[in-house]
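Enquirer: I have a structure I would like to understand better, so I am pasting it below and will then ask my questions one at a time.
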Amino acid sequence: MSELNEENVRAEVRAWLEANWNPELGLVEWRNKLADSGWGVPTWPKQWYGRDLPQALQPVVDEEFARIGAIGVAKAGIRTLAAATILAHGTDLHKEKFLRRILTGEDTWCQLFSEPGSGSDVAGAVTRAEMRGNKWVVNGQKVWTTSAHHAHWGLLLARTDWDLTKHKGLSYFIIDMHQPGVKVQPLKQMNGHASFNQVFMTDAEVQPEFLVANVGDGWAVTTTTLMHERRGADGLRTWAMGSDRKGRIYEEERAEIATTMEPYKWYPQRAGRVDLILQRAKETGHLTDPVVRQEIAKLLTMSKAAEWTARRARAAQEQGRPQGPEGSLGKLVSSHVARAAARVHTQLSGADALLTGADSPMGGTIAEILVSVPATSIAGGTDEIQRNIISERVLKMPKEPSIDTTKPFRDVPRNTVG
């Protein structure tokens, strides 16, 4: 490649797209071409479908794709966390088997961390993985597992040693979700959706080569996954929306979004929909109300500050700095923004905000916001967890006293029987 700068990268990706983009290609066929070219994930290593570009040049590539309406690789859902984790900790076998099919969208993934008895204490997992003969055998229950009902693979955190301390007795696996030992049950939410599931594993099997990193390294791998997840909750995430353009590839993308992205379609509502505030203020006649205007100003100021915080995190990423606790800052502020937005929406709509159906504000969108926003303070680690991370890792404050990190896990009191 020529000298690595914005001008040359733009010229090269533009030339490649002009020579290869065809909206009549199949979606998977096109994404395979992207994987082969490296332009689908240009910041990834060349060995693994990328071009070793610095993160700072990713926007240049994105602009050229957007300029002609070219579709990118599959990035939505847990697959992005799976890819980041596998790139950081996986073996060559993992990368060969999973990364391409993540990019093409042929495989979907779920994250098997949370459990009924441990809440946001992910390290308190009691799901067991035991080596029997030449394979791992898993028994336990996970909950709040998005997309488990149609996932091919799961990122599984399980306990492999009960005689070590809580964080040291964990291991990280990739588990086949389409096996007899895995049972998935959807959970109905109060907003009417059923994105989450509980997953029961009864003598489910994991081949030894699907252990990620070493036995006992599960917490370190999990931390990588969680940091990427929290950085993705910083308010700059874009939601998958199908294009109305004509062509086979757009039709297949719309079909993909209608199925794979179905569990996520309410996620913009759980973020508070700050983008609707001014529109609603005009529609309801509250734009001239001085009290409401003050609350709107507070919300928009907080939202913009959150955006700047997120951009600083992006800048750190572009400079090659590793994932860090700044994701927790973004995650925590997103909760504050969402709750503030819900309060303002309530002020704007009044009692009508409680209505659902065709007669409710914006066809039920406002009501969905109000019942969805609480999820922002829970998903990906509660606000309390984020505050602990920020106090300990950003502010360098002493850790909270704990009795469950110094003794063997089997001796730690817990809510479920291990």
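Enquirer: Of the numbered conditions (1) crowded, with 17+ Cβ neighbours inside 10 Å; (2) part of a loop (DSSP other than H, G, I, E, B); (3) modelled with pLDDT of 85 or more, M397 satisfies every one except a single condition; which is it?
Expert: For M397, the failing item is (1).
Enquirer: Test S120 against the criterion of being without any contact (Cβ under 8 Å) to a residue 40 or more places away in the chain and in a loop (DSSP other than H, G, I, E, B), and give yes or no.
Expert: Against the criterion (without any contact (Cβ under 8 Å) to a residue 40 or more places away in the chain and in a loop (DSSP other than H, G, I, E, B)), S120 does not qualify.
Enquirer: Report, by residue number, each residue of segment 264-309 that is on the phi > 0 side of the Ramachandran plot and either assigned to a helix (DSSP H, G or I) or among the small types (G, A, S) (or both).
Expert: G272, G285 - these are the residues of segment 264-309 that are on the phi > 0 side of the Ramachandran plot and either assigned to a helix (DSSP H, G or I) or among the small types (G, A, S) (or both).
Enquirer: Something else now. Being surrounded by 13 or more Cβ atoms within 10 Å (Cβ to Cβ) and more than 30 Å from E262 (Cα to Cα) is the requirement here; does V13 meet it?
Expert: It is true that V13 is surrounded by 13 or more Cβ atoms within 10 Å (Cβ to Cβ) and more than 30 Å from E262 (Cα to Cα).
Enquirer: Restricting attention to segment 16-44, report how many residues are within 24 Å of F98 (Cα to Cα) and either surrounded by 20 or more Cβ atoms within 10 Å (Cβ to Cβ) or in contact (Cβ under 8 Å) with a residue 24 or more places away in the chain (or both).
Expert: Residues meeting the conditions: 15.
Enquirer: For residues that are in contact (Cβ under 8 Å) with a residue 60 or more places away in the chain and buried (at least 18 other Cβ atoms within 10 Å of the Cβ), tally how many sit in segment 100-117.
Expert: Count: 10.
Enquirer: Next question, about the same structure. Scan segment 46-59 and report the pairs whose first residue is within 16 Å of A11 (Cα to Cα) and whose second residue is of a type in the set (V, I, T) and surrounded by 13 or more Cβ atoms within 10 Å (Cβ to Cβ), with Cβ atoms within less than 6 Å and a gap of 6+ or a chain change.
Expert: L53/T43; L57/V9; Q58/T43
Enquirer: Sticking with this one: (1) under 30 Å from R311 (Cβ atoms); (2) at pLDDT 95 or above; (3) not β-branched (V, I, T); (4) not assigned by TED's automatic domain parsing to the domain that holds F113: which one isn't true of L155, the others all being true?
Expert: Of (1) under 30 Å from R311 (Cβ atoms); (2) at pLDDT 95 or above; (3) not β-branched (V, I, T); (4) not assigned by TED's automatic domain parsing to the domain that holds F113, only one is false for L155: (4).
Enquirer: Mind listing whichever residues of segment 42-57 are out of contact with any Asp or Glu (no Cβ under 8 Å at 6 or more places or on another chain) and not in a loop (DSSP other than H, G, I, E, B)?
Expert: Residues satisfying the conditions are Q47, W48.
Enquirer: What number of residues within segment 159-192 are farther than 26 Å from Y264 by Cα and in a strand (DSSP E or B)?
Expert: Total meeting the criteria: 3.
The values are calculated or read from the model by the stated rules, or taken from the named source; none is laboratory data. These numbers were taken from a predicted model, which means no experiment stands behind them. Cβ coordinates were reconstructed from backbone atoms using ideal geometry, including for glycine residues, and neighbour counts include every protein chain displayed.
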